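Here the structure comes first, spelled out in structure tokens, and everything after it is commentary.
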Amino acid sequence: MTDLVALEFPADPSVLPLVRMVVGGMAARVDLSVDAIDDMHMALEEIFYASREHGKSRCRLMITAESDALTVRLGPFASMHVVDRLAEPTCSLVARVVELQVLPDQAGGVSIFLTKRREASGP
């Protein structure tokens with residue numbers, strides 16, 4: 001079973017609690033741990049602030065909950081500024097706590113995909 005939520009919201013930090021709530025609800029459907037949810041929240045916030053710094057007035061997320069993974073698609077981003085920011089030391093933690101993919105978008109930009117998988121349970 002796959003659940004999908006799409007959000008578009010102003011690039012304003014006051015909206016982040018709502019985004020955290022929606023992502024947390026979708027993560028619960030996958031049965032992610034609290035630590036895994038925190039990792040996803042941190043990664044989303046880093047990309048949110050990076051996109052906001054480069055003049056984006058709105059953010060677009062597509063959140064997909066599958067049987068063992070939560071994936072969040074951010075974008076499309078018209079320029080590579082956000083991707084470049086992710087390579088900086090201050091943002092390099094993102095790629096260590098979630099699976100990170102940057103893929104070309106149909107509109108000529110790029111989309112960023114963050115995936116967090118449920119930890120395998122014991123034997």
When both residues are 6+ apart or on different chains and their Cβ atoms are under 6 Å apart, which pairs have a first residue that lies in the stretch 1-18 and is under 20 Å from A43 (Cβ atoms), and a second that is at pLDDT below 90 and of a type in the set (S, T, N, Q)? A11/S57
Conditions (1) at pLDDT 90 or above; (2) touching a helix residue (DSSP H, G or I) at 6+ places or on another chain (Cβ under 7 Å); (3) not polar (S, T, N, Q): number failed by E99: (2)
Just give me the residues in the stretch 60-78 being at pLDDT below 90 and either under 16 Å from the mean Cα position of the chain (by Cα) or surrounded by 13 or more Cβ atoms within 10 Å (Cβ to Cβ) (or both), in sequence order. R60, L74, G75, P76, F77, A78
Residue check: is E45 of a type in the set (D, E), more than 13 Å from the chain's Cα centre (by Cα) and surrounded by 15 or more Cβ atoms within 10 Å (Cβ to Cβ)? no
L18 vs. criteria in contact with a Ser or Thr (Cβ under 6 Å, 6 or more places away or on another chain), under 21 Å from L7 (Cα atoms) and surrounded by fewer than 16 Cβ atoms within 10 Å (Cβ to Cβ): no
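The values are calculated or read from the model by the stated rules, or taken from the named source; none is laboratory data. In this text, all values refer to a predicted model and were calculated from it rather than measured experimentally. With ideal geometry, Cβ positions are generated from the backbone for all residues, glycine too; neighbour counts draw on all protein chains shown.
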